[in-house]
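The block underneath contains the structure these notes are about, expressed in structure tokens.
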Amino acid sequence: MVRYILCAVKYLLAFIVLYLGLLWLSQRVSGIDVALIDSVVATLQTRKGQLLVVAVVVLAAMYPKWGFITRRVECDMEEDREQILAAFRASGFELFSEQEDKLIFRADNVVRRLSFLLEDEIEVTQYGQWCEIRGIRRAVARIAYRLDMYMTNKRR
């Protein structure tokens, strides 16, 4: 539960930083000479501004639910280790740690880690004849697709 709340707070902070950055940029481009805090206060006093706050808070609270997934690819962690490592490398991830039943990958550079809000840890575990890939949605979907292609090519 603590991790869920932490993830939601990170996402909320990312929204706030994005909003403030866009507001600041729009003020500079349009030549408006108003303090950023005054613009934020003026926005929050409108109905649309209040709805924006509610929408952002709800979206941030829901993010941990739909932002992380588990995908399965038919392969074996030991026999197909090279394909697994290649799929992760091609997606910008490197092996971070290894346990007897689990591989843990992280993004290979700081910029990519920050783009994932430091939620870039992806776990690979064996589940019967499947490898389960668990982590942030946008990375896991790409990796699972790429690994599935590698496995299809290996079987040919």
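So here's what we get for this one:
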item: Tabulated pairs, the range 98-112, first farther than 16 Å from Val140 by Cβ, second open to solvent by less than 90 Å² (accessible area, probe 1.4 Å) and of a type in the set (S, T, N, Q), C-beta under 7 angstrom, 6+ apart or interchain; result: Asp101/Thr125; Asp101/Gln126
item: Pair list, Cβ < 7 Å and 6+ apart or interchain, from the range 11-39 residues that are modelled with pLDDT of 85 or more to residues that are open to solvent by 70 Å² or more (accessible area, probe 1.4 Å) and of a type in the set (D, E, K, R); result: none
item: Condition broken by Trp24, with the remaining ones in (1) assigned to a helix (DSSP H, G or I); (2) in contact with a helix residue (DSSP H, G or I) (Cβ under 7 Å, 6 or more places away or on another chain); (3) open to solvent by less than 60 Å² (accessible area, probe 1.4 Å) satisfied; result: (3)
item: Hits in the range 82-104 - residues which are within 18 Å of Glu121 (Cα to Cα) and charged (D, E, K, R); result: Arg89, Glu94, Glu98, Glu100, Asp101, Lys102
item: 3 or more residues modelled with pLDDT under 90 and under 19 Å from the mean Cα position of the chain (by Cα): qualifying strands (runs of 3 or more DSSP E) within the range 60-156; result: none
item: Selected residue (criterion: most open to solvent (accessible area, probe 1.4 Å)) from residues of the range 51-110 that are within 19 Å of Arg134 (Cβ to Cβ) and among the β-branched types (Val, Ile, Thr); result: Thr70
item: Count - residues of the range 111-124 that are of a type outside the set (Asp, Glu), in contact with a Leu (Cβ under 8 Å, 6 or more places away or on another chain) and open to solvent by 20 Å² or more (accessible area, probe 1.4 Å); result: 0
item: Which numbered condition Phe68 misses (of (1) out of contact with any strand residue (DSSP E or B) (no Cβ under 9 Å at 6 or more places or on another chain); (2) touching a residue at least 24 places away in the same chain (Cβ under 8 Å); (3) of a type in the set (Phe, Trp, Tyr)); result: (1)
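The values are calculated or read from the model by the stated rules, or taken from the named source; none is laboratory data. The structure displayed is predicted, hence computed values, not measured ones. All Cβ positions, glycine included, derive from the backbone under ideal geometry; neighbour counts span all protein chains shown. Quick note on the areas: whole protein, heavy atoms, side chains included, nothing else; ligands and nucleic acids left out. Shrake-Rupley method; radii C 1.70, N 1.55, O 1.52, S 1.80 Å.
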